[in-house]
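The values are calculated or read from the model by the stated rules, or taken from the named source; none is laboratory data. Keep in mind that what you see is a predicted model, and the values were worked out from it rather than measured. Positions of Cβ are generated from backbone atoms using ideal geometry, with glycine treated the same way; all protein chains shown enter the neighbour counts.
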Amino acid sequence: MVSSEINKDLFLFYGVYDTKQLLINDLELIPCIFENKHPWKREFQIYKTIYNLVSKSQENENNIIGLFSASFIERTGLNYQSVCKLIKENDADIFIFSPCQYNSLIFYNYWDQAEICHKGIRKEVKEIFSLNKSFPTIDFQSRTPKDQFSFCNFWAAKSEYFIKIVNNMISLDDLMTENNLGLKETFHRSPFEYSFNKSYKKTYKLFPFIIERYLSATLMDEGNKILPKVFYWNDNRSPIEQVEEIEDLRESLKGPISRAKYYESQKTIFKNKRDFYEKVWLDEDFEKFDKVNSINGQMIDYLCDLK
């Protein structure tokens with residue numbers, strides 16, 4: 001539990017819908033009990049539960065509200081104490097602790113990374129966001145800055161901003177539900193799928209992967225109306241150490257990561273997305289990575305929108 005004396009203004013949650021989850025939590029996070037009605041909406045359902053609590057309580061607008069998970073330590077190397085320390089030491093409205101930051105080296109933007117793992121997500125997002133002018137303007141062709149290359153799996157914000165962001169997510173959920181969008185099944189493989197609770201996610205759809213990128217899309221949108229101060233945590237571990245412990249994944253990414261690090265050290269300015277992928281990825285990399293996720297020359301053409 002959060003110490004009322006030391007961290008009285010920090011409320012960092014993790015989701016609970018099974019009593020077994022209460023027995024193995026050693027992260028010092030606050031359990032948030034929610035109904036896991038739709039497994040593919042798990043994170044959103046937790047956000048909504050916290051939102052209902054925070055929006056109806058007498059919240060100090062400077063209180064920090066956040067959502068993390070049992071895989072947090074494994075995926076970031078951080079722990080509860082280090083997160084609290086970073087939040088207290090940095091003046092910001094939103095705090096983002098994105099895992100797997102090595103992706104910013106080997107993918108041109110975070111929508112490309114999403115497409116590799118969840119084919120069709122860009123087309124779906126484009127259609128969804130076009131239905132409401134208040135949603136972020138997205139650009140699939142521009143390079144995502146390293147610090148903003150975030151999936152927003154783990155984040156916290158002052159209560160005022162948390163309420164605004166989740167309220168927008170609720171509108172996004174309503175829109176997707178009304179139009180039967182975000183329901184396409186997608187492949188997803190995680191080393192943490194069975195480490196916490198075997199019933200966590202049995203069905204994968206595009207919905208959660210759209211939701212987890214919504215905040216990033218909003219923060220990168222020049223016309224966004226939230227205008228917060230954002231703290232992006234920088235993972236100081238080597239890129240290869242940040243790679244998920246999925247069979248063959250680290251081995252398949254050694255080449256692209258090594259080349260990307262070289263071009264970064266040379267301060268290379270890539271002509272465009274095509275130039276980037278031709279320099280960072282080789283055919284031998286495609287052969288190795290294809291065992292984990294489907295990527296090849298044709299997929300690169302698709303990412304670059306070349307017909």
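For segment 135-156, enumerate the residues that are more than 27 Å from Phe13 (Cα to Cα) and surrounded by 15 or more Cβ atoms within 10 Å (Cβ to Cβ).
Correct list: Ile138, Phe140, Arg143, Thr144.
For segment 198-249, what are the residues that are modelled with pLDDT of 90 or more, surrounded by fewer than 18 Cβ atoms within 10 Å (Cβ to Cβ) and in a loop (DSSP other than H, G, I, E, B)?
Lys229, Asn234, Asn236, Arg237, Ser238
Here's the yes/no breakdown for (1) farther than 30 Å from Phe289 by Cβ; (2) surrounded by fewer than 19 Cβ atoms within 10 Å (Cβ to Cβ):
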site: Glu28; (1), (2): yes, yes
site: Lys48; (1), (2): yes, yes
site: Phe68; (1), (2): no, no
site: Ile73; (1), (2): no, yes
site: Phe95; (1), (2): yes, no
site: Asn109; (1), (2): no, no
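So which strands (runs of 3 or more DSSP E) are wholly in segment 29-145 and hold at least 2 residues that are touching an Asp or Glu at 6+ places or on another chain (Cβ under 9 Å)?
Qualifying strands (runs of 3 or more DSSP E): 64-67.
Kindly indicate whether Phe149 is in contact with a Gly (Cβ under 8 Å, 6 or more places away or on another chain) and closer than 28 Å to Ile73 by Cα.
No; evaluated as a whole, the condition is false for this residue.
Going through Asn132, Asn90 one at a time, which residue ends up being touching a residue at least 12 places away in the same chain (Cβ under 8 Å), in contact with a strand residue (DSSP E or B) (Cβ under 9 Å, 6 or more places away or on another chain), of a type outside the set (Lys, Arg) and surrounded by fewer than 20 Cβ atoms within 10 Å (Cβ to Cβ)?
Being touching a residue at least 12 places away in the same chain (Cβ under 8 Å), in contact with a strand residue (DSSP E or B) (Cβ under 9 Å, 6 or more places away or on another chain), of a type outside the set (Lys, Arg) and surrounded by fewer than 20 Cβ atoms within 10 Å (Cβ to Cβ) holds for just one of Asn132, Asn90, which is Asn90.
If a residue has to be touching a residue at least 40 places away in the same chain (Cβ under 8 Å), more than 22 Å from Lys88 (Cβ to Cβ) and either outside the structural domain of Tyr204 (by TED's automatic domain parsing) or more than 16 Å from the chain's Cα centre (by Cα) (or both) to count, how many in segment 139-181 make the cut?
Matching residues across segment 139-181 total 13.
Would you say Ile87 is in the same structural domain as Ala157 (by TED's automatic domain parsing) and either small (Gly, Ala, Ser) or within 17 Å of Ala217 (Cβ to Cβ) (or both)?
no
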